[in-house]
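Following: one structure in structure tokens, then a few remarks.
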Amino acid sequence: MTEVHAVTTRMQRESGILYHFRDHLPLTDRTPMLSLHEGGTPLVHAPRLAAWVGVPELYLKYEGLNPTGSFKDRGMVLAVARAVEDGARAVLCASTGNTAASAAAYAAHAGIRSIVLLPAGRVAAGKLAQAVIYGADVVTVDGSFDHALALALNASRKFDLALVNSVNPARIEGQTTAAYEICDALGDAPPVLALPVGNGGNITAYWLGFRRALEHGRATRLPRILGVQAEGAAPFVHGAPVEHPDTVATAIRIGRPATWEPAIRAAQDSGGAFRAVSDEAILEAYRAIAAHEGIFCEPASAASVAGLRAAVRAGAIDAAQQCVCILTGSGLKDPDTAVANVEIGAPIDMNDVEYIGRLI
Ligand SMILES: *Cc1c(COP(=O)(O)O)cnc(C)c1O
């Protein structure tokens with residue numbers, strides 16, 4: 001083996017969340033140490049956005065920099081590794097897009113098949129492109145995400161397939177690692193953490209992760225967790241399922257969350273709350289995050305910032321505190337929402353240098 005090869009194989013072996021958090025995750029001697037270099041995402045200091053939100057100190061955990069562009073990779077790497085360990089030949093999931101992209105990528109990396117069930121017509125272009133190119137069997141379902149999940153649960157039982165939705169405990173375990181990373185980056189847990197909530201898996205994982213960080217001495221306190229939903233898909237805010245969920249933030253367009261009690265406990269026990277924001281507020285935050293900080297997240301991710309801003313304005317949160325917002329996915333997932341309502345001018349003459357001068 002050449003020296004370069006030895007270094008690259010070590011870099012590969014010593015990467016990803018299974019390696020970095022091996023002492024905190026449910027691994028056995030037989031768990032394959034899969035990695036696409038997920039985790040280790042940056043916590044970006046965001047002073048201009050902080051002023052826009054109305055807080056003194058704001059950090060953005062940019063989960064869009066995971067290998068398939070969303071936090072789903074943290075849970076998926078473990079869920080697929082455990083499925084392989086158990087001898088599964090295929091994994092199955094229902095998805096608004098990001099779970100499908102992640103499941104398809106890790107299944108491809110592990111050399112097994114993936115079957116993904118998507119609500120017909122409501123999946124962002126980038127996510128569909130990923131599922132297709134990673135080689136998943138893409139099945140569209142005539143119904144919402146909630147219907148697709150019910151079908152996936154049913155099929156997984158009937159055909160003994162490894163279901164990798166967030167009802168799979170490995171998903172939640174893998175996702176706890178983001179809370180450890182935030183504590184390690186800040187030297188403690190932040191007083192306030194805001195994140196978008198759809199199925200309720202991620203808020204459950206963060207709360208579990210922060211409590212473990214406290215137990216292990218990685219943190220001396222716990223954050224108040226603000227779970228943010230879109231007004232048209234806010235079952236946790238209403239305390240009841242929503243029959244026809246609708247929002248521009250397709251990743252959180254969920255009316256019947258699969259994880260209910262633990263998600264509610266995360267908000268309640270942490271002294272936090274759930275809050276709903278309008279699609280206009282989500283899109284305003286989406287543009288502000290990009291324009292003020294140079295970070296392009298997907299609309300669902302921007303709900304965290306929109307919700308924090310609304311909570312500060314309503315006096316629901318002590319505004320004099322350090323805050324962290326989770327940006328759950330990359331803006332490149334959903335280019336159509338970014339360019340909707342934008343007019344790009346007609347082409348200019350190739351010699352029209354004065355045109356540029358008039359812009360400044
Ligand atoms: C999955 C997802 C969410 C919602 O997470 P849940 O665990 O379903 O609550 C939010 N944002 C993005 C980008 C997602 O992919």
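The values are calculated or read from the model by the stated rules, or taken from the named source; none is laboratory data. Just so we're clear, the structure is a prediction, and the values are computed from it rather than from any experiment. Note that we place each Cβ from the backbone using ideal geometry, even for glycine, and neighbour counts take in every protein chain shown. When the accessible area is computed, the model is the full protein with side chains, heavy atoms only, and any ligands, DNA or RNA have been set aside. Shrake-Rupley method; radii C 1.70, N 1.55, O 1.52, S 1.80 Å.
Take every pair of alpha-carbon atoms less than 8 Å apart whose residues are at least six positions apart; their mean separation over the length of the range 249-326 yields a relative contact order of 28 percent. Rolling a 1.4 Å probe over the protein chains gives Leu65 an accessible area of about 110 Å². Across the accessible surface of the chain, with the other protein chains kept in place and a 1.4 Å probe, carbon and sulfur atoms take up 53 percent. Label-to-label distance for Asp246 and Arg10 is 5.8 nm, based on points extended 7 Å past Cα in the beta-carbon direction.
Ranking of Asp279, Asp23 by solvent-accessible surface, largest first: Asp23, Asp279 (1.4 Å probe, protein heavy atoms only, all chains present). Inter-label distance, Ala290 to Asp160: 4.8 nm, where each label sits 7 Å from its Cα along the C-beta direction. If you sort the three axes of the alpha carbon gyration tensor as a ≥ b ≥ c, you get a/c of 1.5 or more for the range 159-292 and a/b no higher than b/c, which makes it oblate.
Give the shape of the range 1-146 as rounded, prolate or oblate, defined through the alpha-carbon gyration tensor: a ≥ b ≥ c are the square roots of its eigenvalues, a/c under 1.5 means rounded, and otherwise the shape is prolate if a/b is larger than b/c and oblate if not. Taking the square roots of the gyration eigenvalues as a ≥ b ≥ c, the range 1-146 is oblate. Full extension of the chain between Ser278 and Arg313 gives 11.1 nm of extra length, using 0.36 nm per residue less the Cα-Cα distance. In terms of its C-alpha gyration tensor, the chain has a rounded overall shape, because the principal axis ratio a/c (a ≥ b ≥ c, square roots of the eigenvalues) stays below 1.5. Between the range 135-152 and the range 254-325, the alpha-carbon centres lie 27 Å apart. Potential lengthening of the chain between Ala125 and Arg221 amounts to 30.5 nm, from the contour at 0.36 nm per residue minus the alpha-carbon distance.
Around the Cα centre of the range 220-360, unit charges on the Cβ atoms of Lys, Arg, Asp and Glu (plus for the first two, minus for the last two) sum to a dipole of about 760 debye.
Residues whose amide H comes within less than 5 Å of that of Ile115, counting only those at least five positions distant or on another chain, are Val91, Leu92, Cys93, Asp137 (H built at 1.01 Å from N in the peptide plane). Going 7 Å from the Cα of Glu85 toward and past its Cβ, which residues in the range 20-36 have a backbone nitrogen under 15 Å from where you end up? Backbone N within reach: 20-35. If the chain linking Thr28 and Ala340 were pulled fully straight, counting 0.36 nm for each residue of separation and taking away their Cα-Cα distance, it would gain 107.5 nm. For His37, the residues whose amide H sits under 5 Å from its own are Gly16, ignoring neighbours fewer than 5 places away on the same chain, with H placed 1.01 Å from N. The relative contact order of the chain, computed from alpha carbon pairs under 8 Å that lie at least 6 residues apart in sequence, is 18 percent. Within the shell defined by Cβ-Cβ distances under 12 Å, the residues around Arg287 carry a net charge of -3, with Lys and Arg each +1 and Asp and Glu each -1.
Calculated FRET efficiency, Asp269 to Glu57, Cβ-Cβ distance, R0 = 30 Å: about 0.80 to the nearest 0.05. In the assembled protein chains, Met33 presents an accessible area of approximately 100 Å² (probe radius 1.4 Å).
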